[in-house]
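Novice: Got a structure here, written out as structure tokens. Questions coming.
What follows draws every value from the coordinates through simple rules; no lab data is involved. These numbers come from a predicted model, not from an experiment. For neighbour counting, all protein chains shown are included, and Cβ atoms are generated from backbone atoms with ideal geometry for every residue, glycine included.
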Amino acid sequence: MRAAAFVALVVAAVLAAGTLRAQESPPDAAALERVARSPRDSAAKADALAELAKLHWQTDADASLRYAREGLALSERLGHDRGRAANLNAIGIVHYLRGEYDAAKPLLLDALALHEKTGNTRSAGRVAANVAHLASALSGHDEARRYYERAAALGREAGDDAGIATAKDGLGNLLQVQGRYREAIAAFEESLSWAERAGDEQSRAITINNLANCRLEAGDPQAAMAGYLDAAERFEKLNLPLYQAQAYANVAPILVSQGMSARGRVYLERALAIQRKSGNRPAEGTTLLNLGVLLNDAGATAESAATYEAARALFHEIGDRKFEAMALHNLGRSHAELRDFGRATKYLEQALAIREAVDDPRGALSSRLGLGQTLTDSGRASAAIPVLAAGLDEARRLEVAELEAEAELRLSGALRAVGRLADAIEHMTSYIAVRDRLLSASSQAKIAEMQARFESERSEREIRVLQQDKEIQSLQLWRQEILRNVLVASIVLLGALAAVVASRYRLKIRSEAALQEKNREIEHARAQIEIERDKSERLLLNVLPPSIAGRLKDRDATIADHHPEATVLFADLVDFTRLSQSMDADTLVRLLNDLFTRFDALTDARGLEKIKTIGDCYMAVGGVPQARADHCEAVAGLALDFVEEISRFNAGHATSLRLRLGMHTGEVVAGVIGRRKFIYDLWGDAVNTASRMESHGEPGRIHVSAAVFERLAGKFRFEPRGEIAVKGKGPMRTWFLVGRVGQPGAA
């Protein structure tokens, strides 16, 4: 239960506030206060109090309640039903954010009924979405879906594009919890489209965060990381601390997977402080779970178990059974690592029972497999076998190949522990077959294929060796028996010595022939293993630098190298998003593939290293993984090559693409991240500065830092840009690289 468990946990932790929107265009708080404190009671005063309550949802829940209750009392005195509905909704949302679901539900339902009674269709749609969020939190999936669909229908009737975006976002969260990722991603993307149409920046930020959650759970951590960072920046601008806290919490596990656990813990503790201050108990519990996983991953298992227990108690108190089960599951696995198998078994059984009760089949399957492994580890393999067999059947029914492979592997271990070697081999073979089915066409899936092949090769070789050892032992016993018989015959039949010698000679020839045949089979098997290993190594060399691939093949546990000086280049296509909306997906992918294939050839020609592509952004480096004195000059040449190549590309494709390029030289850390899906990547301030050079640059130009200018002055021509403000860096003097010295024309 290390990094993989951390990721699965964070994905399940959908923002506790669902997709509740504070407001589309924040009103003037001072103006609202003047209306709310006017001496005369009026409907406008009641409405202003409701708006003030909304303004304080994120920052001061107690103040929000005071405003809403005052507004509700005033609305009831005036008989102002719209004001009653708005203030009931505000009170209900505060209770919901605090995890007080039983108190929230009747208030929201009353608000919905009043809005429909008064014909306020737009507000009715918004409140219907809030009721759906609440139903989803209580695991009422069918009820939640009905209310989301009702909210979307009311939004269309009212022409409320932002309301439709809210409903579609909530539906995406619901589908994600059910493991229906493709449908969830489609719902999130539809929500983004409606939010953009409405100009609702808050809705866009929340949906970007939730879509990142879904992409992470669907196995795309790089896309998820980009989404979280985008969402966090948007939340900060919108002054939404709870959402910003969740983005912090979601970034943490990816940082851990990249070997930056200390930084990940800082993000989690920062999120926890925000959530506790706001009184958002469900979000606090989720972050406690995440912190527990991080501690466990760092080896602080006892501290991790205490954190899980605090999360379990919190979720039990607020009645969130799904997350209580998650805490119990992790608590059980922690106690298993502490060798406290009694407590581990109890917690896992409780988690399994709750997950079955709340209709969480995938979670129940995970707890069942964890329980089976714990029984095996505690010496109760016989009891583990039926539990794991039931888990295997459930994984096949759910068609979750990854969990099916896990079930096969753990069942094989339990069978081996009770001496059922033939059955253990059969399930190990099935495990290998299931792992082979997990291959896909994407580059990340190719890396996963490489990992599976390594594991499969090792497992198959172990099986073959066991089988061959057994056959050889049987042949040796047979030969020994024959030799004993020959010896007895020699003693008894001295007179037939010649015949016995001839018989022994024939038997020896047969035995040697049989042994030679077995040796040929072994050599053939070894040759097949070498062929498969060569295939895996070729795939590895296709996605990693040769030196790094060699270290990975030698089972280097951690690959993280410090390079005191390297030059990083970012090249981003300008307005590519707008261009992508004007062409179909196949044409877009072919266009991007053609361009980046040309960039790859230019990068290889200069002996530089391509790191990765992130959407329409291309990242390369000089001086990594092998140091070279001319890294800065080589990367500058590559940048000029890219500018020339984009012109040729546009001429050939009748397009008008433009590049924005950025360069910086400095120290970096380079290595392989992840335990299941390898990728060679860079970290460090030099990477961030190069990215800032690109994002603060101009289309068609190469924007460089002072470090690059100082190294290349006299060899290349530059145009001073002067001092500019760079986000996260402050004022910096920068230049535009325009060509080589003595080379005519500008870049």
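Novice: Kirkwood Rh over alpha-carbon pairs of the range 632-705, then Stokes-Einstein at 37 °C and 0.692 mPa s: what D in µm² s⁻¹, rounded to an integer?
Specialist: Working: Rh = 14.0 Å.
It comes out at roughly 235 µm²/s.
Novice: If we count every other residue with Cβ under 14 angstrom of residue 404's Cβ, Lys/Arg +1 and Asp/Glu -1, where does the sum land?
Specialist: Numbers: positive: 362, 368, 396, 397, 410, 435, 437; negative: 393, 394, 399, 402, 406, 408, 436.
Spelling it out: positives minus negatives among the neighbours equals 0.
Novice: Also, I was wondering about something else. By the scheme Lys and Arg +1, Asp and Glu -1, what is the net charge of all other residues having a beta-carbon under 10 Å from that of residue 700?
Specialist: On the way: positive: 658, 660, 701; negative: 698.
Charge balance near residue 700 sits at +2.
Novice: While we're here: Please compute the length gained on full extension between residue 706 and residue 401, using 0.36 nm multiplied by the number of residues separating them and subtracting their Cα-Cα distance.
Specialist: Working: separation 305, 0.36 × 305 = 109.80 nm, distance 5.15 nm.
Between residue 706 and residue 401, full extension yields 104.6 nm more.
Novice: List residues of the range 712-727, by number, whose backbone nitrogen lies under 15 Å from a label position 7 Å along Cα→C-beta of residue 741.
Specialist: Answer for this model: 712-719.
Novice: Tell me, what is the percent relative contact order of the range 195-310, built from C-alpha pairs under 8 Å that lie six or more residues apart? Display every interim value, and only then the final one.
Specialist: Values: 135 pairs, mean separation 19.0, N = 116.
Relative contact order comes out at 16 percent.
Novice: Please state the Cα pair-distance histogram of the range 170-276 with 5 angstrom bins from zero: what percent is in each bin?
Specialist: Per 5 Å bin, starting at 0, the Cα pair percentages come out as 2, 14, 21, 23, 21, 12, 5, 1, 0.
Novice: When the label point is put 7 Å from the Cα of residue 29 along its Cα-to-beta-carbon vector, which residues of the range 42-62 have a backbone N closer than 14 Å?
Specialist: Zone members listed by number: 51-62.
Novice: Extending each Cα 7 Å along its Cβ direction at residue 40 and residue 149, get the distance between those two points in nm, one decimal.
Specialist: 4.8
Novice: What does the charge add up to near residue 571, with Lys and Arg as +1, Asp and Glu as -1, over the other residues with Cβ less than 13 Å from its Cβ?
Specialist: Values: positive: 598, 610, 612, 658, 660, 701; negative: 572, 600, 616, 641, 644, 645, 694.
Surrounding charge for residue 571 is -1.
Novice: For residue 713 and residue 338, compute 0.36 nm times the residue count separating them, minus their Cα-Cα distance, and round to one decimal in nm. Intermediate results must be reported in sequence, preceding the final value.
Specialist: Details: separation 375, 0.36 × 375 = 135.00 nm, distance 6.01 nm.
Full extension from residue 713 to residue 338 adds 129.0 nm.
Novice: Could you give the dipole magnitude of the range 607-747 about its Cα centre, charging the beta-carbon of Lys and Arg +1 and that of Asp and Glu -1, in debye to the nearest 20?
Specialist: Working: 19 positive and 15 negative charges, 57 e Å.
Dipole about the Cα centre, nearest 20: 280 debye.
Novice: Also, I was wondering about something else. How far apart, in nanometres, would the label points at residue 528 and residue 726 be if each is projected 7 angstrom from Cα along the Cα-to-Cβ direction?
Specialist: Placing both labels 7 Å beyond Cα along the Cβ direction yields 5.7 nm.
Novice: Another question, if that's okay. So what J values fall out for the range 208-224 if you push phi through Karplus, 6.51 cos²θ - 1.76 cosθ + 1.60 with θ = phi - 60°, rounded to Hz, Gly and Pro as x?
Specialist: Computed from phi, the couplings for the range 208-224 are 4, 5, 5, 5, 4, 3, 5, 5, 5, 5, 7, x, 10, x, 5, 5, 5 Hz.
Novice: Right, something else. Under a point spin-label approximation (7 Å from Cα along Cα-to-Cβ), what is the residue 688-residue 586 distance to one decimal in nm?
Specialist: 4.4
Novice: Over the range 96-182, what relative contact order in percent results from Cα pairs under 8 Å that are six or more residues apart? Working shown, then result.
Specialist: Working: 97 pairs, mean separation 21.6, N = 87.
Relative contact order for the range 96-182 comes out at 25 percent.
Novice: Can you compute the label reach from residue 183? Point 7 Å from Cα along the Cβ direction, backbone N cut-off under 17 Å, restricted to the range 132-151.
Specialist: 133, 136-137, 139-151
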